[in-house]
1. Does Gly157 satisfy the condition of being at pLDDT below 95 and more than 23 Å from Ile47 (Cα to Cα)?
2. Would you pick out the residues in region 135-171 that are in contact with a Phe, Trp or Tyr (Cβ under 7 Å, 6 or more places away or on another chain), surrounded by 15 or more Cβ atoms within 10 Å (Cβ to Cβ) and part of a helix (DSSP H, G or I)?
3. Taking region 37-70 only, how many residues are surrounded by 19 or more Cβ atoms within 10 Å (Cβ to Cβ), over 16 Å from the mean Cα position of the chain (by Cα) and closer than 27 Å to Ala163 by Cα?
4. Kindly establish whether Gly84 is at pLDDT below 95 and either surrounded by 14 or more Cβ atoms within 10 Å (Cβ to Cβ) or of a type in the set (Asp, Glu) (or both).
5. Every residue in region 107-125 that is within 21 Å of Ala143 (Cα to Cα), at pLDDT below 75 and not in a loop (DSSP other than H, G, I, E, B), please.
6. If a residue must be closer than 26 Å to Arg171 by Cα and either at pLDDT below 95 or touching a strand residue (DSSP E or B) at 6+ places or on another chain (Cβ under 6 Å) (or both), how many such residues does region 27-47 contain?
Amino acid sequence: MGKRNIVLIGFMGVGKGALAREIVRHEPALYALDTDDMIESLTNTKIKKIFATAGEAAFRALEQKTADWLAENVTNAVISTGGGFYKVDNLKAIGTVVYLQADFNWIVERILGAHNAKKKLKKRPLFQDLEKAKKLFDERYEAYEKVADIVVDVSKGDLETIAEELLKEVR
């Protein structure tokens with residue numbers, strides 16, 4: 001597994017953070033990190049505010065800074081990433097890249113069906129307009145596949161099963 005990290009990529013709302021926590025539950029030698037949480041900690045600013053005040057380009061630069069740090073310093077982690085993190089130039093240096101794939105409508109239903117749906121939507125600035133979000137999803141779909149070492153359809157199973165199968169595959 002190279003650096004023994006698992007890097008979860010995919011569209012916003014697909015469940016990268018939830019799967020990271022489930023994988024760690026099955027493999028206590030690993031720990032979960034979230035790149036958006038790391039960026040918020042680094043800047044002491046919420047992602048939504050970074051987008052609103054500094055813009056997307058500034059946020060992408062923060063993602064690259066985070067990627068550089070992860071590649072240099074982190075081992076034995078499951079790293080859930082923001083939806084655009086796949087664009088960092090050293091993604092493969094961080095670890096095994098796993099694309100969590102699902103249909104756009106499944107993702108929307110997952111977010112809207114969550115007990116904290118309003119909070120989940122508010123946290124995702126690029127998901128405020130569903131038509132724009134769908135267009136972005138369509139633009140990124142193939143790009144995610146191209147950079148991934150492993151592709152997992154998360155709509156076809158529960159978190160526990162997906163976590164177990166993924167751990168077997170990366171070993």
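The values are calculated or read from the model by the stated rules, or taken from the named source; none is laboratory data. This structure is a prediction, so every number in the text was calculated from the model and none was measured. Cβ coordinates were reconstructed from backbone atoms using ideal geometry, including for glycine residues, and neighbour counts include every protein chain displayed.
1. Considered against the rule, which asks whether it is at pLDDT below 95 and more than 23 Å from Ile47 (Cα to Cα), Gly157 comes out as yes.
2. Those that are in contact with a Phe, Trp or Tyr (Cβ under 7 Å, 6 or more places away or on another chain), surrounded by 15 or more Cβ atoms within 10 Å (Cβ to Cβ) and part of a helix (DSSP H, G or I): Phe137, Arg140, Tyr144, Val147, Ser155.
3. Of the residues in region 37-70, 0 are surrounded by 19 or more Cβ atoms within 10 Å (Cβ to Cβ), over 16 Å from the mean Cα position of the chain (by Cα) and closer than 27 Å to Ala163 by Cα.
4. When the stated conditions are applied, Gly84 passes them.
5. Once the filter is applied, which keeps residues that are within 21 Å of Ala143 (Cα to Cα), at pLDDT below 75 and not in a loop (DSSP other than H, G, I, E, B), region 107-125 yields only Pro125.
6. 8
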